[in-house]
Amino acid sequence: MAHTTIAQFLPLDKPLIIFDLETTGLTPGEDKIVEIAYEKILPSGEVVAYCQRINPGKPISPDASRINGIYDKDVASAPSFAKLSYELWSMFEGADVGGFNIIGFDLPFLKGEFALVGKNFDFTAKRILDAKILYHKMEARDMFAPRNLSAAYKLYCGKEHAAAHTGAGDVRATVEILEKQLEKYPEFRNWDYLADLHGNKKLLESAKTEHALLADVKPFGTLF
């Protein structure tokens, strides 16, 4: 079983799920999930990986398919979110969550999908580790380049993100980024500090504003 250094730097008293969603488009409430991938980090540091395609019950937009490589035919025989909801609810209910831009994108999508099956996914009650928030906190904005997952991966890990916009590839890159961030910035090794940081309205608005500006000029999927 694989291991991560995240649990060495950040105390875990429950699993930490680093996850990523691929979707039919960019709008929670209108668009749907077509793939969920995660690495479940146990308090021991052991990692359990998972990736599942999901039938969204609606067409995937051409722009989304062009970026994530998932087409309608690829999910035609996949289970619906409703069929997976009990398993996913049980898994997320007993865990903290992490990812890259999950506050602005993945968590709202997940909340919307759970709402459709009658469950209130209150992620505000969870401890959150969003690598994009940490990235925005510590690194100045480059007006000529997005602060997306690929940029963060190159900065912190010194490599190109070859598997960008695949669920499993994005999750693996995020775990590696978080390992480097926690190693580099000791202040991030405290959950209370992280809670304050993830609730920082100015910082969150900065991330949202940059996301919105890039959405006006970039094709689907280049934001994350």
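The values are calculated or read from the model by the stated rules, or taken from the named source; none is laboratory data. All values reported here derive from a predicted model rather than from experimental measurement. Counting neighbours? That spans all protein chains shown, and the Cβs are built from the backbone with ideal geometry, glycine included.
Data for the structure
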{"read-out": "Residue among Lys126, Lys73, Lys111, Lys83 that is in contact with a helix residue (DSSP H, G or I) (Cβ under 8 Å, 6 or more places away or on another chain) and among the charged types (D, E, K, R)", "value": "Lys111"}
{"read-out": "Matching residues in the range 143-167 - criterion: being charged (D, E, K, R) and within 17 Å of the chain's Cα centre (by Cα)", "value": "Arg147"}
{"read-out": "Any hit, the range 154-172, residues being β-branched (Val, Ile, Thr), touching a helix residue (DSSP H, G or I) at 6+ places or on another chain (Cβ under 6 Å) and at pLDDT 95 or above", "value": "no"}
{"read-out": "Selected residue (criterion: surrounded by the fewest Cβ atoms within 10 Å (Cβ to Cβ)) from residues of the range 132-172 that are free of Cβ contacts under 8 Å to residues at least 40 places away in the same chain and of a type in the set (A, V, I, L, M)", "value": "Met143"}
{"read-out": "Pairs, first small (Gly, Ala, Ser) in the range 1-26, second surrounded by fewer than 24 Cβ atoms within 10 Å (Cβ to Cβ) and in a helix (DSSP H, G or I), C-beta under 6 Å, six or more apart", "value": "Gly25/Ala64"}
{"read-out": "Residues satisfying the stated conditions in the range 21-50, i.e. in a strand (DSSP E or B) and either surrounded by fewer than 16 Cβ atoms within 10 Å (Cβ to Cβ) or touching a Ser or Thr at 6+ places or on another chain (Cβ under 7 Å) (or both)", "value": "Asp31, Ile33, Val34, Ile41, Glu46, Val47, Val48, Ala49"}
{"read-out": "Selection count where residues are under 20 Å from Lys40 (Cβ atoms), touching a residue at least 60 places away in the same chain (Cβ under 8 Å) and of a type in the set (D, E, K, R), scope the range 61-109", "value": "2"}
{"read-out": "Residue ranges of helices (runs of 4 or more DSSP H) in the range 72-166 with at least 1 members within 17 Å of Val34 (Cβ to Cβ)", "value": "72-75, 81-93, 107-116"}
